[in-house]
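Asker: So that we are looking at the same thing, I have put the structure below in structure tokens.
Rule-based calculations on the coordinates, nothing more; no lab input. Please read these numbers as outputs of a predicted model, since none were measured by experiment. In this analysis, Cβ positions are derived from the backbone assuming ideal geometry, glycine residues included, and neighbour counts consider all displayed protein chains.
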Amino acid sequence: MSARIIACKLLRKKPSVDETKRAYRVYLCGGANCRPHSVPTLHHLLERCIWRHGLAQQVAVLVGTCQNRCGSAPNLVIFPGSYRYCMLTPATIERIVAEHLAQGTPIATLLEGQGAR
Ligand code: FES
């Protein structure tokens, strides 16, 4: 079974109960300024990394609308937290999965400010 990818806000759909029970929810911005970078390239990489680390049942990946950080696109937010990562690259996606999602350690040097609260 693959990690479920749901374009919740794009489809005007809330996360399902199953997705809200997972340990982490990753909201990848699919807005107009992030989309050229994040969808599909970073989105697919994020899924592959989650699979490689065996986290498909613990992490829900959702693609949403603009997160109001267009100047630092592409962006994602991880809950619980929240923790915002900006200016994503393939290398930062790999680190976020390996350190934040797999080990539970947010990467302070990659976070925007003190998080996305
Ligand atoms: S489009 Fe992603 S923050 Fe605005």
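Asker: Compute the distance in nm between two label points, each set 7 Å from the Cα along the Cα-to-Cβ direction, one at C70 and one at T41.
Answerer: Roughly 2.0 nm, to one decimal.
Asker: Using 15 Å as the cut-off for backbone N distance, which residues of segment 41-76 belong to the label zone defined by a point 7 Å from the Cα of Q103 along Cα→Cβ?
Answerer: Correct set: 53.
Asker: Further, regarding this structure: Starting at the first residue of segment 53-58, write each ³J(HN,Hα) from the Karplus equation 6.51 cos²θ - 1.76 cosθ + 1.60 with θ = phi - 60°, in whole Hz, x for Gly and Pro.
Answerer: 8, x, 10, 4, 8, 9
Asker: Can you work out the PRE-style zone for E112? Point 7 Å along Cα to Cβ, and I want the residues of segment 71-85 with backbone N under 12 Å.
Answerer: Only 71-78, 83-85 pass the distance filter.
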